[in-house]
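Here's the structure, in structure tokens; my notes come after.
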Amino acid sequence: MNPATIIELAVGVYLVVVALLFGSFINLAADRLPRGESLVHPRSHCRSCGRQLDLLDLVPVGGYLLRRGRCASCGAAIGVSSLAVEAACGVVMLVPLLRLGLGGGFLLGSALVLAVGVVAVGRALGQRRPEEL
Ligand SMILES: [Zn+2]
């Protein structure tokens with residue numbers, strides 16, 4: 001494998017990891033914005049027991065699978081939609097990168113990650129009960 005290919009592969013992996021992290025942030029936004037909460041503070045925590053999430057919990061897709069979709073402390077279920085949003089962000093970045101290469105793939109992948117965010121957060125905002133509006 002020549003050095004240019006190795007660099008291209010490393011950049012592609014990096015972009016998919018960043019897309020997965022954006023998926024995690026989209027989940028946070030979809031959870032907090034409908035409640036009128038800050039996107040920055042407090043740190044991510046379990047809605048059921050309040051435990052602050054650790055590094056393992058925050059690994060996109062992998063954290064959900066390792067914890068089997070449950071809080072490590074209280075066992076409260078974490079919605080499968082969080083896994084779906086994170087995985088979707090990774091896939092919508094990976095596929096364009098594989099098909100179009102770094103340049104076009106990054107542009108299309110970024111637009112699709114943004115679209116996933118708009119749909120997920122819009123859906124969460126639309127699920128507020130009428131008395132909360
Ligand atoms: Zn918990």
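Assuming R0 = 22 Å, can you tell me the calculated FRET efficiency for the pair residue 44 and residue 84, based on Cβ-Cβ distance, to the nearest 0.05? Present the calculation step by step, with values, prior to reporting the outcome.
Working: r = 18 Å, r/R0 = 0.82.
My answer for the efficiency is 0.75.
Legend: P(r) of segment 3-128 from all alpha carbon pair distances, 5 Å bins from 0, whole percents, reading 2, 11, 19, 21, 19, 13, 8, 5, 2, 0, 0.
Want the number for residue 99 to residue 35: 0.36 nm per residue separation, take away the alpha-carbon distance, what's left?
19.2 nm
Note on residue 25/residue 2: beta-carbon distance plugged into 1/(1 + (r/R0)^6) with R0 of 35 Å gives a FRET efficiency of 0.50. Within a Cβ distance under 15 Å of residue 24, other residues only, what is the Lys/Arg minus Asp/Glu net charge? Local charge sum for residue 24: -1.
Close amide H partners of residue 70, meaning residues 5 or more places away or on another chain with modelled amide H under 5 Å apart, are 78. The phi torsions of segment 13-29, fed into the Karplus equation with coefficients 6.51, -1.76 and 1.60 and a -60° offset, translate into couplings of 4, 4, 5, 5, 5, 4, 4, 4, 5, 4, x, 5, 5, 4, 4, 4, 5 Hz, rounded to whole numbers, with Gly and Pro shown as x. Full extension of the chain between residue 53 and residue 14 gives 11.7 nm of extra length, using 0.36 nm per residue less the Cα-Cα distance.
3J(HN,Hα) along segment 82-88: 5, 4, 4, 5, 4, 5, 4 Hz, from the Karplus curve 6.51 cos²θ - 1.76 cosθ + 1.60 with θ = phi - 60°, whole Hz, x for Gly and Pro.
3J(HN,Hα) couplings calculated from phi for segment 52-61 with the Karplus curve 6.51 cos²θ - 1.76 cosθ + 1.60 (θ = phi - 60°) are, in sequence order, 5, 5, 9, 4, 4, 4, 8, 6, x, 6 Hz; Gly and Pro show x.
No lab work stands behind these numbers, since they all come straight from the coordinates. Being a predicted model, the structure only gives us computed values, none of them experimental. Using ideal geometry, Cβ is built from the backbone for each residue, glycine included, and neighbour counts are taken over all protein chains shown.
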